[in-house]
Structures are given as C-alpha cells and as structure tokens.
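Presented below is the structure to which this report refers.
The values are calculated or read from the model by the stated rules, or taken from the named source; none is laboratory data. Predicted model only: the values in this text are computed from it and were never measured. Cβ: placed from backbone, ideal geometry, glycine included. Neighbour counts: every protein chain shown. For accessibility, only protein heavy atoms count, side chains too; no ligands or nucleic acids. Shrake-Rupley method; radii C 1.70, N 1.55, O 1.52, S 1.80 Å.
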Amino acid sequence: MKIIIISSLLGGLLSGFFKLGWEILLPPRTPIRNETNPPQYLLQQFGFSKEFTHSYFTFSNQRVHYISLIMHFCFSIFFSFVYVASVNHVPAISVGQGTLYGFIIWIMFHLLIMPIMKTVPSILKQPLSEHFSELLGHVIWGFVIQICYIYVITIV
C-alpha cells in the first residue's frame, strides 16, 4: 500500500507538471477556446459559477487560475492511482511503459466523455493541432507515471 500511495502522489504530481509544460510548448486550444478551459467549463456544467471557476491569484503580474490547477492535479493523481493500483493485477496495463495507458485515457476523455458531455467540441470540430497536442501529451504523461512507479519500487 505504501508503494501505491507514494507512486500515485509522485506520479500524479510529476506527470501533472509535465502536462502543464507540454501545453505551453504545444498549446492544445486557441486563446479564445482557452478563455474558459475544459476543467473550468466542466465545473460550470456541474453548476459552479464562472466567478468560482475563474478564481485566480496574481503572480509576476499574471493571473494563475488555481481552480483549473487543482482540477488538473486531482485528475493526474487520481489516474496515477488507478494505473499504479491496477498494474500488478493487470500487467497488460503497463504495455509500452505507461504509454498505452496514456493513449487510452486520451481516447476516453478527449474523444468520448468530454465531447459527449459537450465540455469540448465533437471530435471532428476539434482542430488537428488539439488532437496532436493532447494525444502526445497523454502518451508521455502515462510514461511519466510509469517512471515514477518504477522509481518508487526501487527505493522502497
């Protein structure tokens, strides 16, 4: 259990930081579509106000939307936990050193769940650049989770 908890937290935090950096390098959405990003919009769909979902603090004269960051890291930690808790029972989940897992998460959320919920546009209405950024970002995100899991196994 100790390995699962440490791996999940480390994997979730580091993969979350990776994914944030990835989206700076290859932004998945246009600035207009990112004015209300998918985590913010999802919360609004569940009844949270725009004022809440767009809450921010200022750092270096820039707005940091912390509600989005909380959602982002909770997603990464939760799905890191799912991966780590499952990998010993279903070894096939680690095919590709976590990259297949990232690919499956991308399909589930960006091609199925969020378009069905209308949190993001339908698959055909999302630009190719968004698919490209999100696909590669999630594949490497899964790999980062696997790296953290292997690291924790070797030190614990």
Worksheet item: Consider LEU135 against the criteria (1) farther than 29 Å from PHE46 by Cα; (2) of a type in the set (A, V, I, L, M); (3) in contact (Cβ under 8 Å) with a residue 12 or more places away in the chain: it satisfies all of them except one. Which criterion is unmet?
Response: (1)
Discussion item. Among (1) open to solvent by 80 Å² or more (accessible area, probe 1.4 Å); (2) in contact with a strand residue (DSSP E or B) (Cβ under 9 Å, 6 or more places away or on another chain), there is one condition LEU25 misses while meeting the rest; what is its number?
Written reply: (2)
Fill in: Filter result for ARG63 (in a loop (DSSP other than H, G, I, E, B) and farther than 23 Å from CYS148 by Cβ)
no
Item to complete: For SER86, indicate whether it is surrounded by fewer than 19 Cβ atoms within 10 Å (Cβ to Cβ), within 23 Å of ARG33 (Cα to Cα) and either over 14 Å from the mean Cα position of the chain (by Cα) or of a type in the set (D, E, K, R) (or both).
Response: no
Discussion item. Among the residues in region 52-60, are any assigned to a helix (DSSP H, G or I), closer than 29 Å to LEU128 by Cβ, modelled with pLDDT of 95 or more and open to solvent by less than 40 Å² (accessible area, probe 1.4 Å)?
Written reply: yes
Worksheet item: When residues of region 104-156 are filtered for being outside any helix (DSSP H, G or I), among the β-branched types (Val, Ile, Thr) and surrounded by 13 or more Cβ atoms within 10 Å (Cβ to Cβ), how many remain?
Response: 2
Worksheet item: Within region 89-103, which residues are open to solvent by less than 60 Å² (accessible area, probe 1.4 Å) and either under 25 Å from ASN37 (Cβ atoms) or not in a helix (DSSP H, G or I) (or both)?
Response: GLY96, GLY98, THR99, TYR101, GLY102
